[in-house]
1. Residues in the range 70-97 that are farther than 25 Å from THR33 by Cα and in contact with a Ser or Thr (Cβ under 9 Å, 6 or more places away or on another chain): how many?
2. Working carefully through the options ILE30, ILE35, find the one that is farther than 21 Å from ASN7 by Cα and at pLDDT 90 or above.
3. Let me spell it out: the conditions are (1) aliphatic (A, V, I, L, M); (2) part of a strand (DSSP E or B); (3) modelled with pLDDT of 90 or more, and VAL67 meets all of them except one. Which number is the exception?
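The values are calculated or read from the model by the stated rules, or taken from the named source; none is laboratory data. These numbers were taken from a predicted model, which means no experiment stands behind them. Here the Cβ is made from the backbone with ideal geometry for all residues, glycine too, and neighbour counts use every protein chain on show.
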Amino acid sequence: MTNFTRNAAGFLQNERPNEYEVRFSVEGEIRVTLIADSLDAAKAKAEAMIESEDFGMELDGVTDSRVDHVMKSRTMFLVTRDGRSMQVSRIDNGDLPREPTDGGF
């Protein structure tokens with residue numbers, strides 16, 4: 001289960017520690033989330049992925065690939081918005097804090 005913390009307004013938040021979003025270009029775009037100890041470690045891991053034969057995708061005929069961008073994953077907040085339970089990256093006026101479900105969401 002995800003480890004949530006509570007912010008000053010009472011919303012549960014998942015800061016997604018050690019998660020980094022990576023954007024690759026290979027005649028299109030592939031996005032993945034990496035677990036790493038730092039942004040530099042995530043960048044190194046992403047660079048190693050494009051050199052690996054175990055990248056996990058069939059990329060026949062690729063003549064060029066590159067890491068376009070690596071950034072820290074956004075903090076996500078558990079809210080009830082318009083009567084619906086959701087996880088959002090930005091709290092809007094009218095959002096209410098909520099507890100996670102049995103499944104962690």
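1. Our first condition is that a residue be farther than 25 Å from THR33 by Cα; within the range 70-97, this holds for 80-84, 92-97.
Subsequent filtering for residues that are in contact with a Ser or Thr (Cβ under 9 Å, 6 or more places away or on another chain) retains 95-97.
The qualifying residues number 3.
2. Answer to the check: ILE35.
3. (3)
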